[in-house]
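Asker: What follows is a structure written as structure tokens; I'll ask about it next.
The values are calculated or read from the model by the stated rules, or taken from the named source; none is laboratory data. Computed from a predicted structure; not experimentally measured. Here Cβ is always computed from backbone atoms with ideal geometry, including for glycine, and neighbour counts include all displayed protein chains.
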Amino acid sequence: MLYRLLVEPFGFPFMARALTEAMLLGVLGGVVSVAVVLRRFAFVSDALTHTVFPGVVIGFMVAGAGGIVWGALVFAVFSAVLLTVLSSNRRVTEDATLAILLTGFFSVGVVLVSRRSSYTADLTAFLFGRILTVDRREILETAVVTVLVLAVLAVLGKELLLRAFDPDGSAALGYRVGLLDLALNVMVALVVVAAVKAVGTLLVIALLVVPAAAARLLTDRLALLVGASVLVGVLGGWLGLAVSYHASVYYGLRLASGATVVLALVALYAVAFAVGSARRMVSHHAPAAERA
Amino acid sequence: MAEPTLPLTPPPALHFEHASVAYGRTPVVEAVHGDVHPGEAVALIGPNGAGKSTLIKAVLGLVPVVGGRITVLGRAPAQARRDVAYIPQADTLDPEFPVSAGQVVLMGRYRRIGWVRRPGRADRRAAAEALDAVGLADKAGDRFGTLSGGQRQRVLLARAIAQLPLLLLLDEPFNGVDAVSQDALLDALGSLRAGGAAVVVSTHDLALAHLACDEVCLLNRHQFAFGPTAQALTPTLLRAAYGGHALVTDDVVVAQ
């Protein structure tokens, strides 16, 4: 039964490719979401997912499917820099700046798509992705981004941790807080670029927040947090694909695979929430529990 | 670079020369003038909004000096950060953040460790010794946020100790701190001073200023006094700095 649910679907090459892509994204999202959640960067990440959208559209219009990554990359870096610069102005608060950027960029994308005859089909693909049609080259692109982001985290990991925990303290030690924020912005943008083909610009935010948020409910230890977050990311991708395959093949239900992956992630979050709450209740009742 | 001449006495750890500091165009603190020598401790005293935190940020080179000069260990403030430790108020930090006390102390070593590299054995030993110096050796594995306010403040002092600083800047370290932690903080500060470090403590607790420091800088937007505690904390000067909000009796002064 479990074999049939979790292994059998991936005998098909297109499903195997989708699984490879989902696993890579699970690792990538699992790691980066820890940085996002610790830095309380969820809304910033959400804004970035929207500002990349016009880049996706322009890339597609200029060079077809192969241009999507490059268009997204250009807009990702551009909006990451713009975001860092604009949010250093104290007169307008960061959330207002984000809202302006988010809707402004997003509208540019929608206006551009609306000029095309295949408006609805294109829009759907850009917003929600098509993980079942990813090819070798796209998997390779995701792998390259994953290696790149892991390398950046290897260089900056402990500094980003310090910055998230104690911004004044890190500035006092001589770290350029603005540059560390830019680095995280760029990393988030790279995840969006890597994930846009598979899950689309709207759903990628789930990948950037849910794994670490779920892991955070289960542990206080940083090392375990990263591991658990990656596990949630990978498991979500696997379960989501398996479920959407079964629903379609055995029950005639066509579920959008990208969205099913997101639902699997959210379901894992719900499980983590239940387990975490249960554990806290047990430790409250335990006589030897020491609470500060 | 070789020094052309050797000075006869070591330069002050911290030198204010009619210094004014400002956020944007508005001066926050003006006319601060005085020296803090190695091994000395100075209390920054003044009501809320007097500019104590801003002055500390200026010593770190994070707020610009718009008039006069601040020299830290003979250097411009931003050039001295490696040898200066800043200890923020513990309650400004998120208690839910998933780091252990030991990990927080290790952060004091990050600049020495450098980019890419992970903390080594020497760093872990330094962190363990620093945690021991504030009496919390047994709490290394506890999550920072589960400790009491006083213990958290001691962990932050341990982080500063692990940094091996020549100058320590503490922002209201005794706020909401229980007696045990207060004694531990005072002990640790005493050892640091005996080792030659200079200490600046901002506080509005005059009794603690007496206990922790031998000099006082009395501030409210500008300097009212800078000198030995007994001379700087007179009823007249306190009333002037606190604008009549200080309750002054024969020998007890309570600032509000």
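Asker: Name, by its number, the condition in (1) modelled with pLDDT of 90 or more; (2) polar (S, T, N, Q); (3) in a loop (DSSP other than H, G, I, E, B) that does not hold for B:S20.
Answerer: The one condition B:S20 does not meet is (3).
Asker: Now for a different question. Can you tell me which residue in region B:84-94 is nearest to B:R154 (Cα to Cα), limited to those that are facing chain A (nearest Cβ under 9 Å) and of a type outside the set (A, V, I, L, M)?
Answerer: Ranking the qualifying residues of region B:84-94, first place goes to B:P88.
Asker: Restricted to region A:197-232, and to residues that are crowded, with 19+ Cβ neighbours inside 10 Å and among the hydroxyl-bearing types (S, T, Y), which residue is nearest to the other protein chains (Cβ to nearest Cβ)?
Answerer: Restricting to residues being crowded, with 19+ Cβ neighbours inside 10 Å and among the hydroxyl-bearing types (S, T, Y), the top hit is A:S229.
Asker: Quick one: which residue in A:L235, A:L156, A:L241 is facing chain B (nearest Cβ under 10 Å), touching a residue at least 12 places away in the same chain (Cβ under 8 Å) and among the aliphatic types (A, V, I, L, M)?
Answerer: One residue alone meets the criteria, A:L156.
Asker: Only one of (1) in contact (Cβ under 8 Å) with a residue 24 or more places away in the chain; (2) over 22 Å from A:L102 (Cβ atoms); (3) among the β-branched types (V, I, T) is not met by A:T219, so which one is it?
Answerer: Only one criterion in (1) in contact (Cβ under 8 Å) with a residue 24 or more places away in the chain; (2) over 22 Å from A:L102 (Cβ atoms); (3) among the β-branched types (V, I, T) is unmet by A:T219, namely (1).
Asker: Something else: I'd like to check something: does region A:106-124 contain any residue that is basic (K, R), assigned to a helix (DSSP H, G or I) and away from every other protein chain (no Cβ under 14 Å)?
Answerer: Looking for residues that are basic (K, R), assigned to a helix (DSSP H, G or I) and away from every other protein chain (no Cβ under 14 Å), one finds none in region A:106-124, hence no.
Asker: Go through the residues of region A:191-206 one by one and say whether even a single one is at positive phi and part of a helix (DSSP H, G or I).
Answerer: So far as region A:191-206 goes, yes, one or more of its residues are at positive phi and part of a helix (DSSP H, G or I).
Asker: Kindly establish whether B:P64 is over 30 Å from B:R143 (Cβ atoms) and either within 12 Å of chain A (Cβ to nearest Cβ) or touching a strand residue (DSSP E or B) at 6+ places or on another chain (Cβ under 8 Å) (or both).
Answerer: So B:P64 fits the description; yes.
Asker: I'd like to know if region B:34-53 contains one or more residues that are more than 20 Å from B:P173 (Cβ to Cβ), among the acidic types (D, E) and at pLDDT 90 or above.
Answerer: Looking through region B:34-53, at least one residue is more than 20 Å from B:P173 (Cβ to Cβ), among the acidic types (D, E) and at pLDDT 90 or above.
Asker: Here is a check on your reading of the model: is A:V149 assigned to a helix (DSSP H, G or I) and away from every other protein chain (no Cβ under 14 Å)?
Answerer: The answer is yes for A:V149.
Asker: Give the residue that is farthest from B:E40 (Cα to Cα), with candidates limited to residues of region B:155-208 that are of a type in the set (S, T, N, Q) and touching a strand residue (DSSP E or B) at 6+ places or on another chain (Cβ under 7 Å).
Answerer: This residue is B:Q163.
Asker: Of a type in the set (A, V, I, L, M) and closer than 25 Å to B:A207 by Cβ: which single residue out of B:V21, B:V63, B:V59 fits that description?
Answerer: Selected residue: B:V59, the only one of B:V21, B:V63, B:V59 that is of a type in the set (A, V, I, L, M) and closer than 25 Å to B:A207 by Cβ.
Asker: For A:R163, all conditions in the list (1) under 18 Å from A:V204 (Cβ atoms); (2) in contact with a Lys or Arg (Cβ under 9 Å, 6 or more places away or on another chain) hold save one; what is the number of the exception?
Answerer: (1)
Asker: Quick test for you: out of B:R109, B:R25, B:R81, pick the one residue that is crowded, with 18+ Cβ neighbours inside 10 Å and more than 9 Å from chain A (Cβ to nearest Cβ).
Answerer: B:R109
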